[in-house]
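**Student:** Input: one structure, supplied below.
The values are calculated or read from the model by the stated rules, or taken from the named source; none is laboratory data. Here the structure is a predicted model, which means the values were calculated and not measured. Methodologically, a virtual Cβ is constructed for each residue, glycine included, from the backbone with ideal geometry; neighbour enumeration extends over all protein chains shown.
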Amino acid sequence: MFKVESKFAAQNVTIFSVMTEMAQRLNALNLSQGFPDFPAPPELVEALSKASLDGHHQYAPGDGLLTLREQLAAQFYKRDQINIDPRAQLTITPGATIAIFCAIQAMIRPGDEVIIFDPSYDSYVPSVQMMGGSCKRIALQAPEFKVDWEHLKPQVNSKTRMIVVNTPHNPSATVWTREDWQQLIKLVQDTNIVILSDEVYEHLVFDGRPHLSALSFPELAERSFVIGSFGKTFHVTGWKTGYCAASPHLMRLFRQVYQFVNFCANTPCQVALASYMQQHPEHIEQLGSFYQAKRDLFIEGLKGSRFQYEVSQGTYFQNLDYSQICPELNDMEMCKFLAEQHGIVAIPVSAFYKKPPSELRLIRFCFAKQESTLHKACEILRGC
């Protein structure tokens with residue numbers, strides 16, 4: 001009998017698929033997967049309609065429409081005061097995950113090691129493994145989820161090829177400080193280590209914190225890939241449009257891979273985004289306060305509940321500690337309990353670890369929702 005073994009024999013269906021299926025099966029309130037349940041900006045939808053009616057249906061340039069890359073470059077300059085060449089340093093991709101994949105494929109060879117901080121996004125490790133590399137997964141300890149730099153230093157060796165950074169961080173909702181970046185600079189100086197900086201929540205930072213991009217540090221700019229997401233920024237996750245920014249040298253290596261993975265990103269979406277960004281700069285300017293208001297509404301609604309929490313610093317996620325409610329349950333069991341008994345679905349934070357701490361009692365909720373959804377969620381959680 002013909003049989004082919006999977007390259008990922010130990011790889012299961014993602015936790016996002018598992019929990020979304022559970023929400024659908026139980027008709028439960030879904031605050032698990034990170035997507036808005038409110039509409040995209042009407043002017044952006046109109047721009048997409050116009051792009052389609054105007055006939056933008058064929059391949060875009062492989063590196064992305066120049067008008068959109070120019071808008072991105074202007075955004076980097078406005079926020080970080082750095083000049084990025086839109087032709088040589090920016091590539092538009094069909095989603096951030098493909099950009100992450102291509103950066104890893106461009107850099108990692110058999111035997112290379114990649115340092116990843118757990119809890120971490122689930123696409124990093126398989127992308128490294130596909131190229132014959134291996135991952136050193138360094139656990140960040142709750143509730144602060146900070147890097148222990150003294151512990152990290154001996155993990156770096158001659159095989160270390162890449163360090164993956166994610167800020168604002170999913171799922172911990174923490175944001176790297178300038179001191180974090182300075183520690184990383186000290187760690188990689190005089191090495192050939194590449195930085196992959198996943199910054200898809202770059203505009204979702206709260207309480208006056210700045211988002212500091214890897215490219216804003218001259219010591220890191222030549223060795224860093226920065227990944228971003230239009231879907232996260234403009235409430236259109238289904239458009240699957242992202243980008244990669246890097247030095248001209250790294251971008252040439254990135255494009256060598258990208259051209260054979262997906263020739264170009266969606267054309268009408270790029271046209272629409274470029275037009276909307278040019279005409280509505282206030283969208284990005286107001287995005288942090290927009291989501292901070294939703295975070296605050298969610299937190300306020302939890303008053304009187306038995307959940308504990310560290311307030312989200314960025315992203316559109318909030319972790320809740322349930323150790324005062326059902327400490328005997330692990331987080332997956334707790335998520336099933338909430339879904340089956342209370343009709344609300346979250347994500348177990350342990351799913352983002354290779355070896356989660358045994359004492360971990362955190363579950364992740366997405367607050368990128370309408371106010372009515374958040375009010376309903378809080379009512380349920382107060383009753384747990």
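**Student:** Mind checking which residues of segment 354-369 are more than 14 Å from Met334 (Cβ to Cβ) and either in contact (Cβ under 8 Å) with a residue 12 or more places away in the chain or in contact with a strand residue (DSSP E or B) (Cβ under 6 Å, 6 or more places away or on another chain) (or both)? Before the answer, list the steps.
**Tutor:** Step one: filter segment 354-369 for residues more than 14 Å from Met334 (Cβ to Cβ), giving 354-355, 357-358, 366-369.
Once the filter is applied, which keeps residues that are more than 14 Å from Met334 (Cβ to Cβ) and either in contact (Cβ under 8 Å) with a residue 12 or more places away in the chain or in contact with a strand residue (DSSP E or B) (Cβ under 6 Å, 6 or more places away or on another chain) (or both), segment 354-369 yields Lys354, Lys355, Pro357, Cys366, Phe367, Ala368, Lys369.
**Student:** Something else: Kindly indicate which of Gln58, Gln105 is surrounded by 14 or more Cβ atoms within 10 Å (Cβ to Cβ), assigned by TED's automatic domain parsing to the domain that holds Glu219 and farther than 19 Å from Gln279 by Cα. Talk me through it step by step, then tell me what you get.
**Tutor:** Values: Gln58 fails: surrounded by 14 or more Cβ atoms within 10 Å (Cβ to Cβ).
Every option except Gln105 fails the conditions.
**Student:** Could you list all residues from segment 83-116 that are among the charged types (D, E, K, R) and part of a strand (DSSP E or B)?
**Tutor:** Going residue by residue through segment 83-116, those that are among the charged types (D, E, K, R) are 85, 87, 109, 112-113.
Matches in segment 83-116: Glu113 only.
**Student:** While we're here: Out of segment 248-275, which residues are under 21 Å from the mean Cα position of the chain (by Cα) and of a type in the set (Gly, Ala, Ser)?
**Tutor:** Ala265
**Student:** Could you tell me whether Ser120 is modelled with pLDDT of 95 or more, part of a loop (DSSP other than H, G, I, E, B), crowded, with 17+ Cβ neighbours inside 10 Å and in the same structural domain as Thr177 (by TED's automatic domain parsing)?
**Tutor:** On the way: modelled with pLDDT of 95 or more: yes; part of a loop (DSSP other than H, G, I, E, B): yes; crowded, with 17+ Cβ neighbours inside 10 Å: yes; in the same structural domain as Thr177 (by TED's automatic domain parsing): yes.
So Ser120 fits the description; yes.
**Student:** When the residues of segment 228-240 are narrowed to those that are at negative phi and over 13 Å from the mean Cα position of the chain (by Cα), which ends up surrounded by the fewest Cβ atoms within 10 Å (Cβ to Cβ)?
**Tutor:** Going residue by residue through segment 228-240, those that are at negative phi are 228-234, 236-239.
Restricting the remaining residues to those that are over 13 Å from the mean Cα position of the chain (by Cα) gives 234, 236, 238-239.
Details: Phe234: 24, Val236: 23, Gly238: 10, Trp239: 23.
Among those that are at negative phi and over 13 Å from the mean Cα position of the chain (by Cα), it is Gly238.
**Student:** Then there is this: Being surrounded by fewer than 16 Cβ atoms within 10 Å (Cβ to Cβ), touching an Asp or Glu at 6+ places or on another chain (Cβ under 8 Å) and not assigned by TED's automatic domain parsing to the domain that holds Pro357 is the requirement here; does Lys159 meet it? Working first, answer last.
**Tutor:** Details: surrounded by fewer than 16 Cβ atoms within 10 Å (Cβ to Cβ): yes; touching an Asp or Glu at 6+ places or on another chain (Cβ under 8 Å): yes; not assigned by TED's automatic domain parsing to the domain that holds Pro357: yes.
Judged against the criteria, Lys159 is a match.
**Student:** Can you name the residue in segment 315-350 that is under 30 Å from Phe234 (Cα atoms) and among the hydroxyl-bearing types (Ser, Thr, Tyr) and is also surrounded by the most Cβ atoms within 10 Å (Cβ to Cβ) among such residues?
**Tutor:** Thr315
**Student:** In this structure, does Tyr353 turn out to be under 23 Å from the mean Cα position of the chain (by Cα), crowded, with 22+ Cβ neighbours inside 10 Å and either at pLDDT below 95 or not small (Gly, Ala, Ser) (or both)? Spell out how you get there, then give the answer.
**Tutor:** Numbers: under 23 Å from the mean Cα position of the chain (by Cα): yes; crowded, with 22+ Cβ neighbours inside 10 Å: no; either at pLDDT below 95 or not small (Gly, Ala, Ser) (or both): yes.
Against the criterion (under 23 Å from the mean Cα position of the chain (by Cα), crowded, with 22+ Cβ neighbours inside 10 Å and either at pLDDT below 95 or not small (Gly, Ala, Ser) (or both)), Tyr353 does not qualify.
**Student:** May I ask you to verify whether Phe298 is within 17 Å of Phe38 (Cβ to Cβ), buried (at least 17 other Cβ atoms within 10 Å of the Cβ) and out of contact with any Lys or Arg (no Cβ under 6 Å at 6 or more places or on another chain)?
**Tutor:** Values: within 17 Å of Phe38 (Cβ to Cβ): yes; buried (at least 17 other Cβ atoms within 10 Å of the Cβ): yes; out of contact with any Lys or Arg (no Cβ under 6 Å at 6 or more places or on another chain): yes.
In short, yes.
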